[in-house]
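What follows is a short report on a single structure.
The values are calculated or read from the model by the stated rules, or taken from the named source; none is laboratory data. In this text, all values refer to a predicted model and were calculated from it rather than measured experimentally. Note that each Cβ is placed from the backbone with ideal geometry, even for glycine, and that neighbours are counted across all protein chains shown. Note: areas computed on protein heavy atoms with side chains; ligands, DNA, RNA excluded. Shrake-Rupley method; radii C 1.70, N 1.55, O 1.52, S 1.80 Å.
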Amino acid sequence: MGKNGQAYLVGAISAIGGFLFGYDTGVMSSILEMDYWKAYFHNPGPTGVGVIVSLLTAGCFVGSLFAGWLADRFSRKRTIMTACVVFCLGAAIQCGSRNRAMLIVGRFIAGLGVGCLSMTVPVFQSEIAPAHIRGRLVSLQQWAITWGLLVAFWIDYGCHFIKSDASWRLPIGIQIVPALILFVSMIFMPYSPRWLVDNDRVEEAHKVLARLRSGGNMNDTEVVEELEEIKEAVRIDRETAVRSYLELLRFPIRRRVILGVLIQILQQLTGINVIMYYASTIFKQSGLSGDNASLLAQGINGVVNMLATIPAILWIDRWGRRKTLMFGSLGCGVTYFIQAVATGATQNKVVNADGSVDLNLPTGPSYLVIVMMYLFVISFAMTWGPIGWIYPSEIFPMRIRSKANSITTASNWLFNFIIGLVAPILIKKITWGLDLIFAIIMFAAIGIIYVFFPETKNRNLEDMEVIFTGSAWAYKDRKRIAEYDNAQHHNIDTKESV
Ligand code: BGC
């Protein structure tokens with residue numbers, strides 16, 4: 001195992017939390033179409049379905065808010081383990097549901113677990129990672145999310161051939177297995193070294209850092225230096241700061257809270273979940289006829305999402321956060337724009353017998369729309385998907401990191417919820433208008449990232465103070481940061497030549 005083998009291992013194990021996130025958000029979509037499920041729950045109407053689907057997101061919202069406090073008080077490691085137990089409880093209730101109320105309560109409880117994991121896992125990963133591969137380790141969570149979505153889709157597909165209630169109980173119940181694997185594996189994972197120092201367990205933190213960075217060698221210079229940096233940062237934290245949620249509203253943390261919340265909101269405003277939740281409707285609307293064709297197109301979509309995350313894992317720490325996000329926004333904006341034009345130009349109205357209007361496309365251009373949709377998913381998966389989670393997990397100081405991340409994560413879930421709710425209405429009402437709205441948001445995002453978001457790649461978490469205490473206009477502040485870097489190098493050079 002290479003030098004960072006242990007860090008990769010810990011990052012990969014905790015990423016199973018992302019798998020649960022993806023699986024549980026994806027599993028219901030095809031179940032809603034299953035005959036045995038519909039019969040068992042007496043054909044829920046649109047409102048019933050809406051409640052069943054969105055109660056998970058509501059649970060995630062609440063879970064992520066609680067996780068901030070839990071992860072500080074009981075450690076990141078134990079919070080992840082607790083979230084697994086809560087998740088299993090929620091999944092078991094859903095799996096054994098006897099009525100709608102039970103299903104809804106189960107969804108909410110599983111949501112509490114998923115929300116808690118979605119906040120704690122990236123924070124834990126970023127705290128165990130060496131700076132130069134931090135983006136990569138946190139991207140593993142995103143990769144696991146895409147695997148979760150993908151596996152849920154195909155398990156649903158396989159189970160829809162079962163001719164009994166097992167067709168829906170099985171895909172829901174089976175997610176308990178990865179949750180148990182995560183729980184048991186976490187027993188053997190270390191505590192976050194930063195959390196340990198913050199809790200005055202410096203000796204343990206030293207051992208953990210040695211395990212993560214140098215195969216257990218406690219005298220390794222990098223290990224000793226990193227420990228000193230963490231100790232120093234925690235010392236300064238204690239002297240200067242009050243540890244409360246109120247600090248999130250004050251200088252100098254407020255700016256980072258705004259950026260963290262903004263990046264999570266923008267991640268949802270890419271519109272990714274319109275495709276993740278309603279792909280089959282959109283595929284049908286774009287002229288793809290037949291259930292099988294749209295099912296297949298949706299399955300391929302999941303594979304594309306998973307595969308396109310791989311370049312991010314490999315290169316995100318080289319590309320940096322700013323450029324990648326601007327590039328991703330451009331890709332998303334252009335693909336939406338082409339979709340809007342293609343749909344708008346060829347749309348025709350079909351008035352049904354009951355007077356309702358359907359907007360359809362002839363088969364020709366639909367392929368252009370589908371290709372654009374896949375290109376959009378690629379643009380998202382390589383950029384906004386991972387960085388939406390990486391950036392908030394790395395910009396805050398230790399004392400406030402998990403509290404701040406609980407707020408940024410909750411904003412993600414809130415917008416996920418809102419989009420899930422309004423998208424189906426807008427798809428029906430304004431069709432390509434929705435694409436145009438997303439295109440405009442994405443073009444605006446290029447400017448927002450350029451102006452406000454400083455680059456954070458390859459920085460120690462302890463270094464972020466310097467990056468974020470300058471001008472709020474990130475593009476103007478680059479010179480000051482470059483000067484700081486030069487001075488640092490100068491110091492290091494002088495130290496080495498002494
Ligand atoms: C987002 C999810 C989305 C998923 C798709 C995640 O980063 O937060 O809302 O469903 O990516 O891959």
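Given the structure, is residue 303 open to solvent by 20 Å² or more (accessible area, probe 1.4 Å), closer than 13 Å to residue 374 by Cα and of a type in the set (A, V, I, L, M, F, W, C)? Quick ask: steps written out before the conclusion?
Details: open to solvent by 20 Å² or more (accessible area, probe 1.4 Å): yes; closer than 13 Å to residue 374 by Cα: yes; of a type in the set (A, V, I, L, M, F, W, C): yes.
Answer is yes for this residue.
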**OP:** Scan segment 238-251 and give yes if some residue there is within 16 Å of the ligand (Cβ to nearest atom) and among the hydrophobic types (A, V, I, L, M, F, W, C), otherwise no.
**Re:** no
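Residues 278, 336: which one is within 23 Å of residue 24 (Cβ to Cβ) and either modelled with pLDDT of 95 or more or within 14 Å of the ligand (Cβ to nearest atom) (or both)? Don't jump to the end; show me each part of the working.
Values: 336 fails: within 23 Å of residue 24 (Cβ to Cβ).
On inspection, the qualifying residue turns out to be 278.
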Subject >> Criterion violated by residue 291 - all others in (1) of a type outside the set (Gly, Ala, Ser); (2) modelled with pLDDT of 95 or more; (3) open to solvent by 20 Å² or more (accessible area, probe 1.4 Å); (4) more than 16 Å from the ligand (Cβ to nearest atom) satisfied >> reply: (2)
Original post:
Given the structure, is residue 327 open to solvent by 60 Å² or more (accessible area, probe 1.4 Å), at pLDDT 90 or above and under 13 Å from residue 442 (Cα atoms)?
Top reply: yes
**OP:** Give the number of residues within segment 410-464 that are farther than 30 Å from residue 126 by Cβ and in a helix (DSSP H, G or I).
**Re:** 18
**OP:** Among what's in segment 6-33 and is more than 16 Å from the ligand (Cβ to nearest atom) and open to solvent by 10 Å² or more (accessible area, probe 1.4 Å), pick the residue that is modelled with the lowest pLDDT.
**Re:** 33
**OP:** Could you figure out which of (1) within 16 Å of the ligand (Cβ to nearest atom); (2) of a type in the set (S, T, N, Q); (3) open to solvent by 10 Å² or more (accessible area, probe 1.4 Å) isn't true of residue 405?
**Re:** (3)
Original post:
Is there a residue being over 30 Å from residue 472 (Cβ atoms), surrounded by 15 or more Cβ atoms within 10 Å (Cβ to Cβ) and touching a residue at least 60 places away in the same chain (Cβ under 8 Å) anywhere in segment 214-225?
Top reply: yes
**OP:** Quickly run through segment 181-213 and pick out the residues that are more than 19 Å from residue 460 (Cβ to Cβ), surrounded by 14 or more Cβ atoms within 10 Å (Cβ to Cβ) and hydrophobic (A, V, I, L, M, F, W, C).
**Re:** 181, 182, 183, 186, 189
**OP:** Take residue 3 and decide whether it is assigned to a loop (DSSP other than H, G, I, E, B) and either touching a helix residue (DSSP H, G or I) at 6+ places or on another chain (Cβ under 8 Å) or more than 30 Å from residue 207 (Cα to Cα) (or both).
**Re:** yes
Original post:
Which of the residues belonging to segment 413-436 are β-branched (Val, Ile, Thr), closer than 19 Å to residue 343 by Cβ and surrounded by fewer than 16 Cβ atoms within 10 Å (Cβ to Cβ)?
Top reply: 422, 425, 430
Original post:
Checking residue 446 against (1) of a type in the set (Val, Ile, Thr); (2) over 18 Å from residue 138 (Cβ atoms); (3) within 16 Å of the ligand (Cβ to nearest atom), which test does it fail?
Top reply: (3)
Original post:
For segment 152-177, what are the residues that are out of contact with any Leu (no Cβ under 8 Å at 6 or more places or on another chain), surrounded by fewer than 18 Cβ atoms within 10 Å (Cβ to Cβ) and among the hydroxyl-bearing types (Ser, Thr, Tyr)?
Top reply: 164
**OP:** Take segment 34-61 and flag every residue that is closer than 18 Å to residue 171 by Cα and either more than 30 Å from the chain's Cα centre (by Cα) or outside any helix (DSSP H, G or I) (or both).
**Re:** 34, 35, 36, 38, 39, 40, 41
Original post:
Does residue 370 satisfy being within 21 Å of residue 322 (Cβ to Cβ) and more than 16 Å from the ligand (Cβ to nearest atom)?
Top reply: no
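Step by step: first the residues of segment 452-483, then only those that are open to solvent by less than 70 Å² (accessible area, probe 1.4 Å) and touching a Gly at 6+ places or on another chain (Cβ under 9 Å), then the one that is farthest from residue 318 (Cα to Cα). Which residue is that? Spell out how you get there, then give the answer.
Keep residues of segment 452-483 that are open to solvent by less than 70 Å² (accessible area, probe 1.4 Å), which gives 453-457, 459-472, 474, 477, 481-482.
Okay, now just the ones that are also touching a Gly at 6+ places or on another chain (Cβ under 9 Å), so 454-457, 477, 481.
Numbers: 454: 15, 455: 12, 456: 11, 457: 8, 477: 21, 481: 18 Å.
Among residues in segment 452-483 that are open to solvent by less than 70 Å² (accessible area, probe 1.4 Å) and touching a Gly at 6+ places or on another chain (Cβ under 9 Å), the one farthest from residue 318 (Cα to Cα) is 477.
Residues are listed down the side, and each one gets a yes or a no for (1) within 22 Å of residue 400 (Cα to Cα); (2) away from the ligand (no atom under 14 Å from the Cβ); (3) open to solvent by 10 Å² or more (accessible area, probe 1.4 Å):
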{"residue": "113", "(1), (2), (3)": "yes, yes, no"}
{"residue": "119", "(1), (2), (3)": "yes, no, no"}
{"residue": "122", "(1), (2), (3)": "yes, no, no"}
{"residue": "127", "(1), (2), (3)": "yes, yes, no"}
{"residue": "131", "(1), (2), (3)": "yes, yes, yes"}
{"residue": "134", "(1), (2), (3)": "yes, yes, no"}
{"residue": "140", "(1), (2), (3)": "no, no, yes"}
{"residue": "147", "(1), (2), (3)": "no, no, yes"}
{"residue": "150", "(1), (2), (3)": "no, no, yes"}
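Within segment 232-239, can one find any residue that is surrounded by 19 or more Cβ atoms within 10 Å (Cβ to Cβ) and part of a helix (DSSP H, G or I)?
Within segment 232-239, the subset surrounded by 19 or more Cβ atoms within 10 Å (Cβ to Cβ) is 233-234.
Now restrict to residues that are part of a helix (DSSP H, G or I): 233-234.
Checking segment 232-239: at least one residue is surrounded by 19 or more Cβ atoms within 10 Å (Cβ to Cβ) and part of a helix (DSSP H, G or I).
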